[in-house]
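Heads up: the structure comes next, in C-alpha cells.
The values are calculated or read from the model by the stated rules, or taken from the named source; none is laboratory data. All values derive from a computational prediction rather than experimental measurement. Neighbour counts run over all protein chains shown; Cβ positions are idealised from the backbone, glycine included.
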C-alpha cells in the first residue's frame, strides 16, 4: 500500500464509530463504480459531490469522504477501506482468512476451520471470508495472508496430471 492509503486508513480508524459504517460504504462503492467516477470527475462541482456524499453515506463518514474527495484520493477509496479493515483486525488481534469452497461447510466444519486458523496464526479470533467457487470441483482453498492451502479436486487433478507426465 502507498503511504497516502495507509495514512487515510489510520485516520479512518480513529474516526470511525463503527466498522459497519465502513463496510456499508465499501459495499456501496464496490456495487456502484460510477459513484467513484462521479466523485473523482473534475468537471462536477464540489458542492454537488458533497451533496451526493451527504445523501448516501452515514454522518460518521461524511467529513472523511469529503476530505478524501477534496484531496483527489477518492479513486483509492477501496484500497483505503481494505487497509482500514486490516488495521482494525490487527487492533482486535483477529486473523483474516478467505475460504473458497464448492459445497457450503457445516457449522462444525466452519468451527474446526476457524480453530485451525487461530492455531496457525496465533490470533484468538478469526474473520473468515467465504467465497463459493464451483471451478474447484470439490474440496476447498484456504488463504491465510500469503499462505495458501489448496485441498481442492482441481489441485488434485492437476497434481495427478503432472505426476503422470513425469513418468
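Out of contact with any helix residue (DSSP H, G or I) (no Cβ under 8 Å at 6 or more places or on another chain), outside the structural domain of residue 122 (by TED's automatic domain parsing), in a helix (DSSP H, G or I) and over 27 Å from residue 120 (Cβ atoms), is that true of residue 54? Criteria not met by residue 54. Does residue 126 satisfy the criteria of being touching a helix residue (DSSP H, G or I) at 6+ places or on another chain (Cβ under 7 Å), in the same structural domain as residue 147 (by TED's automatic domain parsing) and closer than 30 Å to residue 153 by Cβ? Yes, satisfied.
Counting only residues that are surrounded by 16 or more Cβ atoms within 10 Å (Cβ to Cβ) and modelled with pLDDT under 85, how many does segment 1-18 have?
Within segment 1-18, residues that are surrounded by 16 or more Cβ atoms within 10 Å (Cβ to Cβ) and modelled with pLDDT under 85 number 1.
Of the residues that sit in segment 26-56 and are more than 17 Å from residue 71 (Cβ to Cβ) and touching a residue at least 24 places away in the same chain (Cβ under 8 Å), which one is surrounded by the most Cβ atoms within 10 Å (Cβ to Cβ)? Filtering first and then ranking leaves 26. Contact annotation: residue pairs with Cβ atoms under 8 Å, 6 or more positions apart or on different chains, pairing a residue in segment 70-93 that is at positive phi with a partner that is surrounded by 12 or more Cβ atoms within 10 Å (Cβ to Cβ) and in a helix (DSSP H, G or I), are 72/40. For segment 150-166, a residue qualifies if it is in a strand (DSSP E or B) and surrounded by fewer than 16 Cβ atoms within 10 Å (Cβ to Cβ), and exactly one does: 151.
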